[in-house]
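The values are calculated or read from the model by the stated rules, or taken from the named source; none is laboratory data. Computed from a prediction, not measured in an experiment: that's the story for all the values here. Note: ideal-geometry Cβ built from the backbone for every residue, glycine included; neighbour counts use all protein chains shown.
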Amino acid sequence: MGAGATALWSITTTVTSNGSVNGMHDSTMPLSGMMEMLNMQINTWFGGVGVGWMNYYTFIIIAVFISGLMVGRTPEFLRKKVEAREMKIATIVALLHPFVILVFTALSCYILRIILNLWKVKAVG
């Protein structure tokens, strides 16, 4: 399909979370790869499968809280005060997605290393 179509397909497939693949994401140019990773991490685009609205709402709460602190006023969103409880929940929701991914990635690497050590195989790299 070509390089342009592959770049477009990789961006649109990570935005909508449909799971289709036209080219491997690690073989794209750095800017395309950055957009793919950003789309996977944020997961807030409309029409996507999953919890886009929840993540979008979470980032709005965090932005309102930070902007309220910079202005020096009590942060408010939809005429409700954004307090410590809401910020704790929003922070947990925002950090949970990358944390789960990193924990399972580290766990799989550790288990792979144990298996390779049991078989006495040298890993490449």
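Return yes or no: is Ala90 modelled with pLDDT of 80 or more, small (Gly, Ala, Ser) and within 23 Å of Leu102 (Cβ to Cβ)?
Against the criterion (modelled with pLDDT of 80 or more, small (Gly, Ala, Ser) and within 23 Å of Leu102 (Cβ to Cβ)), Ala90 qualifies.
Output the residues belonging to region 73-125 that are in a helix (DSSP H, G or I) and of a type in the set (S, T, N, Q).
Residues satisfying the conditions are Thr91, Thr105, Ser108, Asn117.
Need pairs with beta-carbon distance below 9 Å; first residue closer than 24 Å to Met37 by Cβ and at pLDDT below 80 and within region 96-125, second surrounded by 10 or more Cβ atoms within 10 Å (Cβ to Cβ) and of a type in the set (Val, Ile, Thr); sequence gap 6+ or separate chains.
Pairs that qualify, where the first residue is closer than 24 Å to Met37 by Cβ and at pLDDT below 80 and the partner is surrounded by 10 or more Cβ atoms within 10 Å (Cβ to Cβ) and of a type in the set (Val, Ile, Thr), are His97/Val51.
Yes/no matrix, rows are residues, columns are (1) out of contact with any Phe, Trp or Tyr (no Cβ under 7 Å at 6 or more places or on another chain); (2) surrounded by 11 or more Cβ atoms within 10 Å (Cβ to Cβ):
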| residue | (1), (2) |
| --- | --- |
| Thr58 | yes, yes |
| Arg73 | yes, no |
| Phe77 | yes, yes |
| Ala84 | yes, no |
| Met87 | no, yes |
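For residues that are over 22 Å from Thr91 (Cβ atoms) and among the hydrophobic types (A, V, I, L, M, F, W, C), scanning just region 20-44, find the one that is modelled with the lowest pLDDT.
In this case the residue turns out to be Val21.
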